Structure formats: structure tokens, C-alpha cells
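Trainee: Quick one: the structure is below, and I'll ask about it shortly.
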Amino acid sequence: MLPHGRDDVLAWCRAVDEGPWAGLAVPERITFTAHEWTVQLAAAAALTERVRLWSTIVILPAHDAVEVAKRLASVDVLSNGRLTAGVGVGGREHDYRAIGGRFDHRWARMDEQVAVMRRIWAGDPPFDGADPVGPPPVQAGGPPLIAGVMGPKATARAARWADGVDGAWTLDGDIAAFTTAFDMIRAAWRDAGREDAPHLSSSVWYALGPGAEDRLRAYAYEYMKIFGEEVGRWAAQQAACFTPNALRRAVDNVRDAGADEFFLVPTTADPVELDRTLDALA
């Protein structure tokens, strides 16, 4: 979601919590218009009572693991245990550079950071002689951790520590993309000797109402052009969920592929978009 002002945040949080929705997700971007992720999640924790809250995703290697563990535990307390933490390495070096984060060895560092966070949530001090880092999370062992990863190598790493994967990214809601990604995730879980099923999630950008196609394609281009003009134009061309039928098809496809969660990412802060979405999915 992209709420910019106080009124937008209030409207979205209240409408999502009072509607049929299962969760509300907050991204992390630095060189973008999104609010700081902890602030947005804390606001959502205070303004909602029912829905599950998600970070999709915190760029973990850009931060200190102990500080992120404290932030996530705080949101877990404020939400009374409604937080699921999505973490990943991201791909935008500009976001790392803007806050002085290291861009090297991101995968290995994230593996180590996850272990650190879980120790902090278990009550271990950050170093010998230190007091534990609070607050203790409401959820035993800390919030569930979902890996925002794609590809076989990254998924295999995530299978060693994650509760699931948010990795079936698509611009058009094609069922083949969902099925291929989910099958790969399930295989990684089996190969890692996991007996529990991975939580499977995905997302799609969409737009509805007047000017929906232009708005969606412009959003996709602006979001992806950091990887080059060609990538930005490709994303704009591929973005397809700008009609009610296209959005319903994407939802049906991801459900048929076996998803546990599907995040609908609007391309406007206008709360009216949520009403259009409900009408489209009715």
C-alpha cells in the first residue's frame, strides 16, 4: 500500500481491518515514497485489531540484526502477536547506500542475522555481560519469518531457517509462474528434510478505475527503472492487472496453485481503490 498522509493511513488501516481482508502488508524502500517500515507497522498495529500484519520485506542485510529484532518484537507487542516478518536481501544498491548499509555478501550475512534475531527473541543478551534486548515478543520464539527470495539457490538457503517463502513474483498473475515457484519451494523444503509445509505467498501490482492501465504501467516502470530503462519498459509492458477480470483471474490462479497468502498491491493511495477492489472480487 502507498498511503502518503495521515488521512490515507487512517482510511486504509480501518477499511482493511473492518473488511474481509486477512492481512495488511508494509514494504521497505529507502529511495522511494514509502514511509519508514517500522513507523508504518507501528501505526498499523495501533489502528487495527484483527488483521495480520506483514513486512514485505525488510531488507535485513542493510541493517543491524539486533536493532531489527528489537523493532520487530516491539511491533509484535503493539499488535498483540499479529506480526509476520518477511525478510530478504533486496536488489537495489541505492537503498543500501542511502543508509550506509553494506551490499556485499548479503545472503551469508542474512543467514547469520536470522540466527542472531532468534537468539535475541529467546532472551539471550547480545554479548556477554549485557542485559537482554527487549521487549520479549508476544509470539513464542518471535514472529514467523518469511523469506523474500527467488531462485533455487536462495530458496534452498531459506529452507534452512524460514517458515515460508514469498517468492512467486509475477506482473500478470500467470498460473504457470505461481505453480513453478511453489513447486520449487516445496522441493527445497523436502531436500532440507523439513516435515512442516512452507507458507507460500505471492503478490501482484494492480490498478482499477479511471486510467487504470496507464497508472499501473507508469507505476511498474517507475518502480523497476532503477535496474535500467529496458527493465522498466519491460515491467510496464508486462503489468496486466488493470481490469476486474484480470485481477480476479490472478486471484483464482494463485489460489489454484496452492498459495496461503496473496498480497494485492495497489498503485494509488486513494482509499476508493479498496472499494473498487472489493467490487471486482465480489
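Trainee: Given the conditions (1) surrounded by 15 or more Cβ atoms within 10 Å (Cβ to Cβ); (2) charged (D, E, K, R); (3) in a helix (DSSP H, G or I), report the number of the one that ASP166 does not fulfil.
Mentor: Going through the list (1) surrounded by 15 or more Cβ atoms within 10 Å (Cβ to Cβ); (2) charged (D, E, K, R); (3) in a helix (DSSP H, G or I), ASP166 breaks only (3).
Trainee: Tally the residues that are surrounded by 20 or more Cβ atoms within 10 Å (Cβ to Cβ) and more than 26 Å from ASP183 (Cα to Cα), restricting the search to region 201-214.
Mentor: Counting residues in region 201-214 that are surrounded by 20 or more Cβ atoms within 10 Å (Cβ to Cβ) and more than 26 Å from ASP183 (Cα to Cα) gives 3.
Trainee: Shifting gears a bit: Quick check on region 227-282: of everything there that is closer than 22 Å to VAL9 by Cβ and assigned to a helix (DSSP H, G or I), which residue is most open to solvent (accessible area, probe 1.4 Å)?
Mentor: Checking each candidate, the answer is ASP275.
Trainee: If you check GLY100, GLY123, which single one turns out to be without any contact (Cβ under 8 Å) to a residue 40 or more places away in the chain, open to solvent by 50 Å² or more (accessible area, probe 1.4 Å) and more than 20 Å from the chain's Cα centre (by Cα)?
Mentor: GLY100
Trainee: A further question follows. Consider ASP196 against the criteria (1) open to solvent by less than 60 Å² (accessible area, probe 1.4 Å); (2) modelled with pLDDT of 95 or more; (3) outside any helix (DSSP H, G or I); (4) not aliphatic (A, V, I, L, M): it satisfies all of them except one. Which criterion is unmet?
Mentor: (1)
Trainee: Further question: Consider only pairs whose beta carbons are under 7 Å apart and that are at least six residues apart or on different chains; among these, list those whose first residue lies in region 207-218 and is in contact (Cβ under 8 Å) with a residue 40 or more places away in the chain and over 10 Å from THR243 (Cα atoms) and whose second residue is small (Gly, Ala, Ser) and buried (at least 21 other Cβ atoms within 10 Å of the Cβ).
Mentor: ARG215/ALA207; LEU216/ALA207; LEU216/ALA239
Trainee: Under 8 Å by Cβ, and 6 or more places apart or on different chains, what pairs join a residue from region 231-250 that is without any contact (Cβ under 8 Å) to a residue 40 or more places away in the chain with one that is open to solvent by less than 80 Å² (accessible area, probe 1.4 Å) and not in a helix (DSSP H, G or I)?
Mentor: PHE242/TYR206; PHE242/ALA207; PHE242/LEU208; THR243/LEU208; PRO244/LEU208
Trainee: Pairs only if they're at least six apart or on different chains, beta carbon under 8 angstrom, first in region 182-195 and touching a residue at least 24 places away in the same chain (Cβ under 8 Å), second of a type in the set (Gly, Ala, Ser) and assigned to a helix (DSSP H, G or I); list them, first residue then second.
Mentor: ALA188/ALA156; ALA188/ALA158; ASP191/ALA156; ALA192/ALA156
Trainee: Please state which of the following conditions PRO137 fails to meet, knowing it meets all the rest: (1) crowded, with 19+ Cβ neighbours inside 10 Å; (2) within 18 Å of the chain's Cα centre (by Cα).
Mentor: With respect to (1) crowded, with 19+ Cβ neighbours inside 10 Å; (2) within 18 Å of the chain's Cα centre (by Cα), PRO137 is out only on (2).
Trainee: Of all the helices (runs of 4 or more DSSP H) wholly in region 1-78, which have at least 2 residues that are closer than 20 Å to GLU261 by Cα?
Mentor: 6-18, 37-47
The values are calculated or read from the model by the stated rules, or taken from the named source; none is laboratory data. Just so we're clear, the structure is a prediction, and the values are computed from it rather than from any experiment. Heads up, the Cβs are rebuilt from the backbone with ideal geometry, glycines too, and the neighbour counts pull from every protein chain shown. Ligands, DNA and RNA are excluded from the accessible area calculation, which covers all protein heavy atoms including side chains. Shrake-Rupley method; radii C 1.70, N 1.55, O 1.52, S 1.80 Å.
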